[in-house]
Amino acid sequence: MVENSISRAIGAGPAGLRKIGGLAAKAKKRAESDPLGPFSEPVRRWFEASFEGPTQAQVGGWEAISGGANALICAPTGSGKTLASFLWGIDRLVRAGEDGRRPLGTGVRLVYVSPLKALSYDIERNLRAPLRGIGAEIAVGLRTGDTPQKERRAMAKTPPDILITTPESLYLMLSSSVREILATTRSEEHTSE
């Protein structure tokens, strides 16, 4: 299943071939459909007002993610990988909050693990535009080695809906009593940039 997700996320190259690790194979034909179709109306409306259209990385990523599969999105910098991974999670949070199944503000639902502390800050800043544009009252928390003790205590008391962290900070959280705020997590995102 992961292999199928990877090939969908990578997409077809020249002449209908896809290359993975130096191996080439014929790309499977996909029925043309609206890549924004699985998203809620507020998310679709924001995306269409903000971008000309989705990138190939986003189309492949959303197809895999919305189908419940794992996805590895390999694409150049600036091709929308972060939005490809986050937008589905944001959409799920918006829907769960709207229908009352899982009100926002009741625990961490999405964890983004970034290998670099500086990248974590960029990710948090780049999330502001979609959240503001969608009109979602989704709380985002950032936990790194530089997070002051006062903010750590506040996060333990009132967990964010989305947590952006580093591997080291996640390990420390999992090995302490604050791990309870992660018990409600439904999705996790990783990056290797």
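The values are calculated or read from the model by the stated rules, or taken from the named source; none is laboratory data. Predicted, not measured: the structure shown is a model, and the values here were computed from it. Don't worry about glycine lacking a Cβ; one is built from the backbone with ideal geometry, like all the others, and counts go over all protein chains shown. Calculation scope for accessible area: heavy atoms of the full protein, side chains included, ligands and nucleic acids excluded. Shrake-Rupley method; radii C 1.70, N 1.55, O 1.52, S 1.80 Å.
Numbers at a glance
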item: Residue count, the stretch 56-76 (criterion: open to solvent by less than 20 Å² (accessible area, probe 1.4 Å) and either hydrophobic (A, V, I, L, M, F, W, C) or in contact (Cβ under 8 Å) with a residue 40 or more places away in the chain (or both)); result: 6
item: Hey, PRO160 out of contact with any helix residue (DSSP H, G or I) (no Cβ under 8 Å at 6 or more places or on another chain), at negative phi and in a loop (DSSP other than H, G, I, E, B) or not; result: yes
item: Considering residues of the stretch 155-181 that are in contact with a Gly (Cβ under 8 Å, 6 or more places away or on another chain) and farther than 16 Å from GLU124 by Cα only, the residue most open to solvent (accessible area, probe 1.4 Å); result: GLU168
item: Any hit, the stretch 28-37, residues being under 26 Å from VAL113 (Cβ atoms) and either touching a Lys or Arg at 6+ places or on another chain (Cβ under 6 Å) or modelled with pLDDT of 90 or more (or both); result: yes
item: GLY80 vs. criteria surrounded by 18 or more Cβ atoms within 10 Å (Cβ to Cβ) and closer than 24 Å to SER120 by Cα; result: yes
item: Unique match (being surrounded by 13 or more Cβ atoms within 10 Å (Cβ to Cβ), among the basic types (Lys, Arg) and not in a loop (DSSP other than H, G, I, E, B)) among ARG152, ARG128; result: ARG152
item: Residues of the stretch 56-114 classified as assigned to a loop (DSSP other than H, G, I, E, B), closer than 14 Å to ALA139 by Cα and among the β-branched types (Val, Ile, Thr), total; result: 2
item: Among the candidates ALA57, ALA69, residue that is modelled with pLDDT of 90 or more and either closer than 22 Å to SER120 by Cα or not polar (S, T, N, Q) (or both); result: ALA57
item: ASP122, sole failed condition from (1) open to solvent by 30 Å² or more (accessible area, probe 1.4 Å); (2) touching a residue at least 40 places away in the same chain (Cβ under 8 Å); result: (2)
item: Of all residues in the stretch 36-55 being out of contact with any helix residue (DSSP H, G or I) (no Cβ under 6 Å at 6 or more places or on another chain) and outside any helix (DSSP H, G or I), the one that is most open to solvent (accessible area, probe 1.4 Å); result: GLU52
